[in-house]
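What follows is a set of notes on a single structure, which appears directly below.
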Amino acid sequence: QVQLVESGGGLVQAGGSLRLSCALSGRTFTSYDMGWFRQAPGKEREFVAAINWSGSGTDYADSVKGRFTISRDNAKNTVYLQMNSLKPEDTAVYYCAAERAMFRETPRTAYDFWGQGTQVTVSS
């Protein structure tokens, strides 16, 4: 069974940076595409970024392009989300997700496995 554990959330001032981490256990990490999603209070969960099984393909929501970077370390079974130039509207619970890879350049868009979430709060 896939288990995902996020870390790295917290409180930061607008313009600051945070790096989220998500460790996958229970299955072979390189068999999975990975994604980050977020959910703000009163809003639906939305896509943030995704990365394919090898790290060669990424995708981003328009709202975070140029500010956030997704990466993965397959030796550490970990995916990261580097968040720079944070804005108050980035405040949300951030969730890591995993889905079995199709071994394509483009990451998966639908995910079956989810972490418990980590809170990111950006103050103005």
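The values are calculated or read from the model by the stated rules, or taken from the named source; none is laboratory data. Nothing here was measured: the structure is a model prediction, and the numbers come from that model. Because the Cβ atoms are built from the backbone with ideal geometry, glycine has one as well, and the counts that use them run over all protein chains shown. To get the accessible areas, we keep the full protein, side chains included, count just its heavy atoms, and leave off ligands, DNA and RNA. Shrake-Rupley method; radii C 1.70, N 1.55, O 1.52, S 1.80 Å.
For the reader, a short list of remarks on this structure follows.
- Those residues of region 6-40 which are polar (S, T, N, Q) and touching a Leu at 6+ places or on another chain (Cβ under 9 Å), in sequence order: 7, 13, 17, 21, 25
- Scan of region 1-22 for residues that are open to solvent by 40 Å² or more (accessible area, probe 1.4 Å) and either closer than 19 Å to residue 109 by Cβ or touching a Phe, Trp or Tyr at 6+ places or on another chain (Cβ under 9 Å) (or both), ordered by number: 1, 3, 19
- Taking first residues from region 56-67 that are free of Cβ contacts under 8 Å to residues at least 40 places away in the same chain and partners that are surrounded by 14 or more Cβ atoms within 10 Å (Cβ to Cβ), the Cβ contacts under 6 Å between residues at least 6 apart in sequence or on separate chains come to 60/49; 61/47; 61/48; 64/48; 67/84.
- Screening residue 119 with (1) touching a residue at least 40 places away in the same chain (Cβ under 8 Å); (2) open to solvent by 60 Å² or more (accessible area, probe 1.4 Å); (3) farther than 16 Å from residue 5 by Cβ gives one miss only, at (3).
- Residues in region 90-109 that are open to solvent by 30 Å² or more (accessible area, probe 1.4 Å), under 13 Å from residue 48 (Cα atoms) and modelled with pLDDT of 95 or more: 91, 93, 95.
- Exactly one residue among 124, 21, 85 is out of contact with any Lys or Arg (no Cβ under 6 Å at 6 or more places or on another chain) and at pLDDT 95 or above, and that residue is 21.
- Given (1) assigned to a strand (DSSP E or B); (2) over 19 Å from residue 2 (Cβ atoms), number of the condition residue 105 does not satisfy: (1)
- Matching residues in region 38-73 - criterion: being part of a strand (DSSP E or B), open to solvent by less than 20 Å² (accessible area, probe 1.4 Å) and not β-branched (Val, Ile, Thr): 38, 49, 50, 68
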